[in-house]
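Chemist: Quick one: structure below, then a few questions.
The values are calculated or read from the model by the stated rules, or taken from the named source; none is laboratory data. Just so you know, these numbers come straight off a predicted model, no measurement behind them. Neighbour counts run over all protein chains shown; Cβ positions are idealised from the backbone, glycine included. We work out accessible area using only protein heavy atoms, side chains counted, and drop any ligands, DNA or RNA first. Shrake-Rupley method; radii C 1.70, N 1.55, O 1.52, S 1.80 Å.
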Amino acid sequence: MLPWPGEVLEERAGEIAVAFAALLTRQAAWRHRRVETISVLSHELVRRHVSVDFTVPLEHREEIRLSDTEWIVPLAFLAKRLLVHFDLRAEDETSVPLLRSDEAQQIARELLYVMLDLDTEQAVEEDVGPLIEWILAATAKDGPDVAAAVDELQERLGPLPGFAAAAEWLTGGFLLCAVLTDVSRRRVLKFAYDEPLGMPGRSLHFYDAPGCTEAASYHAEVEVPDELRARSIELVDDPSGAVLATGARDADRPAIHYSAPAGTRLQPILTVRYGAERARFLIPAAVVAWVIALVLALPYLFADLPALATSGGPAITILLSSSAVFSGLVLRSGEHPLVRLMLARYRLWLVVATIAAVVAGAALAFRASEGTLLLTWGIGAVAAVLSAGILTIEAARAPAAAKR
Amino acid sequence: MSFLDRLFRREPESFEDLRKRASVVRSAELGSPPFPRPVSGKEARAALERSRARRAAANGT
């Protein structure tokens, strides 16, 4: 009777773990390049596309063979949490099968035994067997308890650096294993998933980049929404703040390249500072705000407002109300959510200028008292000039033409 | 001065200041475990065989 697929994996898990022990402790030696593209979907969500370019070393191809036509390749290490919109594809965009997490656990179990035996030959199965099963079944919240149990084991058996590292790794995560039909050549596999943004800054985002040291060469790109630019992009080691790589400024698709020295221990993050393009909103908004400011300030300084209320009130009111129409042209809808978020405070200043114009016009139209007229127009003029000044400064500071 | 800083959103200069302003988007991927050294296939195979023998002995098979 021929074995069923699940039974084949059970039989082959040890052999595969032997190869994984070698492959996972020298990831940059067989993964040539890793490319990550981060697409900002909204102010709450990004999609991360990862492509891994690798060649399985000849000496390990037989070990990772599952059947005559299937080979198991460890692609990445994923946190034990729900993956959203996950997708794994080959070079020709065909879907690639994955091991289920319980299947990957069979290999992880053997890997833990291998790592433990490399550290010590004194382990007693009655002690480590339940611990290994606990590690495999654990979730991230069990991390401290599992770590304490591993420490206790190390007190009894001496340092177990390889096992402790694998145990910490497999407590919070699982191996993402692709099932390939050909490992005789260089391959490129692509996977993608959505990530919640959590609590990003308005213009500053930090993106975790743990895969930075897992290939000989690392590339990261950010797909910036229309109307925005990446003012700066840096790859930074989070604990030390050391800048590892810097990309072009004011780019609409900024990129970083980094090759980590062998044995480097880093917690890299991508730091991206976004800015709204000058020409799309800020310059038109500043122009509208200046028009409103002049329409309010010049009559306030040089005209007899109480007289205007009786002679030219309606015409001036229409003129001032028209500024609200111009402002409306600048206050658009249907934008990328991140653009809307970034422009919110600038829009607020334009709204301030527009309200100042409407209130001043209303004071004229309703023939308010002289004191009220002067107060309304004076405050309105100051507010409009302030708004126009801020929008002008922000437009001057904002990124201009496209750069790549 | 701080009012003007806020008004024109002058950026903080140090990385520590920047980090306080936003949380990191945690990737679904985890970083590599800090394995102390590379393991060769030969070493791993020998370890697997020792481990299997020990487990078989413990299970009485």
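Chemist: Can you tell me which residue within segment A:49-78, out of those that are small (Gly, Ala, Ser) and open to solvent by 10 Å² or more (accessible area, probe 1.4 Å), is farthest from the other protein chains (Cβ to nearest Cβ)? Give the steps one after another, and end with the answer.
Modeler: So the first thing to find is which residues in segment A:49-78 are small (Gly, Ala, Ser), and the list is A:51, A:67, A:76.
Right, trim to open to solvent by 10 Å² or more (accessible area, probe 1.4 Å) and you get A:51, A:67.
Details: A:Ser51: 13, A:Ser67: 20 Å.
Here the residue is A:Ser67.
Chemist: Okay, moving on. Going through segment B:15-45 one residue at a time, which ones are in contact with a Ser or Thr (Cβ under 9 Å, 6 or more places away or on another chain) and within 18 Å of A:Ala220 (Cα to Cα)?
Modeler: If the condition is that a residue be in contact with a Ser or Thr (Cβ under 9 Å, 6 or more places away or on another chain) and within 18 Å of A:Ala220 (Cα to Cα), then B:Gly31, B:Ser32 are the ones that fit.
Chemist: A further question follows. Taking the options A:Val96, A:Val128, A:Val124, A:Val114, name whichever one is closer than 15 Å to A:Val179 by Cβ and either surrounded by 14 or more Cβ atoms within 10 Å (Cβ to Cβ) or within 8 Å of another protein chain (Cβ to nearest Cβ) (or both).
Modeler: The unique qualifying residue is A:Val96.
Chemist: A further question on this structure: Mind checking whether some residue in segment A:138-156 is under 29 Å from the mean Cα position of the chain (by Cα), crowded, with 17+ Cβ neighbours inside 10 Å and either not assigned by TED's automatic domain parsing to the domain that holds A:Met115 or not aliphatic (A, V, I, L, M) (or both)?
Modeler: No, segment A:138-156 contains no residue that is under 29 Å from the mean Cα position of the chain (by Cα), crowded, with 17+ Cβ neighbours inside 10 Å and either not assigned by TED's automatic domain parsing to the domain that holds A:Met115 or not aliphatic (A, V, I, L, M) (or both).
Chemist: Does A:Val46 satisfy being over 27 Å from A:Ala165 (Cα atoms) and within 8 Å of another protein chain (Cβ to nearest Cβ)?
Modeler: In short, yes.
Chemist: Hey, another quick one. Does segment A:254-294 hold any residues that are of a type in the set (Phe, Trp, Tyr) and either crowded, with 24+ Cβ neighbours inside 10 Å or not assigned by TED's automatic domain parsing to the domain that holds A:Leu204 (or both), and which are they? Walk me through how you get there before you give the answer.
Modeler: As a first pass, look at segment A:254-294 and keep what is of a type in the set (Phe, Trp, Tyr): A:258, A:274, A:281, A:290.
Matches in segment A:254-294: A:Tyr274, A:Phe281, A:Trp290.
Chemist: Follow-up. Tally up the residues in segment A:361-377 that are part of a loop (DSSP other than H, G, I, E, B) and among the aliphatic types (A, V, I, L, M), please.
Modeler: 1
Chemist: Which of the following residues is closer than 23 Å to B:Ser32 by Cβ, assigned to a strand (DSSP E or B), among the aliphatic types (A, V, I, L, M) and modelled with pLDDT under 90: A:Val46, A:Val52, A:Val73, A:Val35? Walk me through it before giving the result.
Modeler: Working: A:Val52 fails: modelled with pLDDT under 90; A:Val73 fails: modelled with pLDDT under 90; A:Val35 fails: modelled with pLDDT under 90.
The match here is A:Val46.
Chemist: Out of the residues in segment A:192-204 meeting the condition of being of a type outside the set (A, V, I, L, M) and open to solvent by 50 Å² or more (accessible area, probe 1.4 Å), tell me which one is nearest to A:His49 (Cα to Cα).
Modeler: A:Pro196
Chemist: Ok, one more. Within segment A:205-253, which residues are within 29 Å of A:Arg26 (Cβ to Cβ), in a strand (DSSP E or B) and open to solvent by 50 Å² or more (accessible area, probe 1.4 Å)?
Modeler: Answer for segment A:205-253, where residues must be within 29 Å of A:Arg26 (Cβ to Cβ), in a strand (DSSP E or B) and open to solvent by 50 Å² or more (accessible area, probe 1.4 Å): A:His219, A:Glu221, A:Glu234, A:Val243, A:Thr246.
Chemist: Which is free of Cβ contacts under 8 Å to residues at least 60 places away in the same chain and in contact with a strand residue (DSSP E or B) (Cβ under 8 Å, 6 or more places away or on another chain), of A:Val8, A:Val56, A:Val40, A:Val84?
Modeler: Of A:Val8, A:Val56, A:Val40, A:Val84, the one residue that is free of Cβ contacts under 8 Å to residues at least 60 places away in the same chain and in contact with a strand residue (DSSP E or B) (Cβ under 8 Å, 6 or more places away or on another chain) is A:Val8.
Chemist: Still on this structure: Mind checking which pairs have a first residue in segment A:265-278 that is within 11 Å of chain B (Cβ to nearest Cβ) and a second that is assigned to a strand (DSSP E or B) and among the polar types (S, T, N, Q), Cβ under 7 Å, 6 or more apart or different chains?
Modeler: Short answer, once both residue conditions are applied: A:Arg273/A:Ser232.
Chemist: Can you pull out every residue in segment A:97-131 that is in contact (Cβ under 8 Å) with a residue 12 or more places away in the chain and more than 19 Å from A:Arg12 (Cβ to Cβ)?
Modeler: A:Leu116, A:Leu118, A:Asp119, A:Thr120, A:Gln122, A:Ala123, A:Asp127, A:Val128, A:Leu131
Chemist: Restricting to segment A:167-191, and then to whatever is open to solvent by 10 Å² or more (accessible area, probe 1.4 Å) and of a type in the set (A, V, I, L, M), can you tell me which residue is farthest from the other protein chains (Cβ to nearest Cβ)?
Modeler: Restricting to residues being open to solvent by 10 Å² or more (accessible area, probe 1.4 Å) and of a type in the set (A, V, I, L, M), the top hit is A:Val179.
Chemist: Kindly list, by first and then second residue, each pair from a residue in segment B:41-61 that is within 7 Å of chain A (Cβ to nearest Cβ) to a residue that is exposed (fewer than 15 other Cβ atoms within 10 Å of the Cβ) and of a type in the set (D, E, K, R), limited to pairs with Cβ atoms under 8 Å and residues at least 6 apart or on different chains.
Modeler: B:Gly41/A:Glu59; B:Arg50/A:Glu121; B:Ala58/A:Glu126
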